[in-house]
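S.K.: First the structure, then my questions, so here it is.
The values are calculated or read from the model by the stated rules, or taken from the named source; none is laboratory data. All values derive from a computational prediction rather than experimental measurement. Ideal geometry is used to build each Cβ from the backbone, glycine not excepted, and the neighbour counts take in all protein chains shown.
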Amino acid sequence: MTTSEAETYARALYESVVSMVVKQLRTATPKLEDVNPEEDDLNKRVRSASPTGTPPEVRNFLTMVINEGVFDRLPEIIEAFERYSGVREEVSLPAEIISAIPLSDEQQQHITDELQQRYEQSLRFRFTVDESLIGGLIIRVGDQVLDNSLRVRLNEVQRNMLAT
């Protein structure tokens, strides 16, 4: 094995470990928001908030952050850790596609491909049906909404006719 190959494997292992730690911290954080170090059994609370398999080093880190009174800064600390390590956890955006009728697998795949290409990041797709749309689609990706439903287009025609 060449040095370059060894470094490739080492980097893959490093990124895997860092990603795992970040996920464990992000999973435990919301479960510990109401923790009171003076009243709670801190070790027990951290253990129960942490996902199965969380190493003691991560649990000890959470306990230390709580004891130091900087738990509210944990999201910033996690982001700094990601920057420091050079490994960013890929965050996927929710993508909801609402249609008047169920879409075929081909139609869903076409929409999925188009949106993946447009947004250039990981998307979590959910296809739903709303018969009140009459036709067309409503596409929500993150906080963006594209309403190209027939209902909206008919409302626009009606407004234009009333305006003249």
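S.K.: Of the conditions (1) touching a helix residue (DSSP H, G or I) at 6+ places or on another chain (Cβ under 8 Å); (2) assigned to a helix (DSSP H, G or I), A6 clears all except one; give me its number.
M.R.: (1)
S.K.: Let me ask another. Between a residue in the range 113-134 that is closer than 13 Å to E96 by Cα and any residue that is polar (S, T, N, Q) and at pLDDT below 80, which pairs come within a Cβ distance under 7 Å, given they are 6 or more apart or on different chains?
M.R.: Sorted first by the residue in the range 113-134, then by its partner, the pairs are L123/S92; R124/S92.
S.K.: Of the numbered conditions (1) within 28 Å of V17 (Cα to Cα); (2) more than 13 Å from the chain's Cα centre (by Cα); (3) surrounded by 13 or more Cβ atoms within 10 Å (Cβ to Cβ), E120 satisfies every one except a single condition; which is it?
M.R.: (3)
S.K.: When only residues in the range 64-79 that are among the β-branched types (V, I, T) and closer than 22 Å to S19 by Cβ count, which is surrounded by the fewest Cβ atoms within 10 Å (Cβ to Cβ)?
M.R.: So in the range 64-79, the residues among the β-branched types (V, I, T) come out as 65-66, 70, 77-78.
Now restrict to residues that are closer than 22 Å to S19 by Cβ: 65, 77-78.
Numbers: V65: 19, I77: 14, I78: 16.
Only one residue fits best here, namely I77.
S.K.: Here is a list: L123, L115. Which entry is in the same structural domain as V141 (by TED's automatic domain parsing), at pLDDT below 85 and either among the acidic types (D, E) or closer than 30 Å to Q144 by Cβ (or both)?
M.R.: Working: L115 fails: at pLDDT below 85.
From the options L123, L115, the qualifying one is L123.
S.K.: Right, something else. For the range 25-32, state whether one or more residues are surrounded by fewer than 10 Cβ atoms within 10 Å (Cβ to Cβ), at pLDDT 80 or above and of a type outside the set (D, E, K, R).
M.R.: The initial filter retains those residues of the range 25-32 that are surrounded by fewer than 10 Cβ atoms within 10 Å (Cβ to Cβ), namely 30.
Imposing the further condition that a residue be at pLDDT 80 or above reduces the set to 30.
Pick out the ones that are also of a type outside the set (D, E, K, R) and you get 30.
Checking the range 25-32: at least one residue is surrounded by fewer than 10 Cβ atoms within 10 Å (Cβ to Cβ), at pLDDT 80 or above and of a type outside the set (D, E, K, R).
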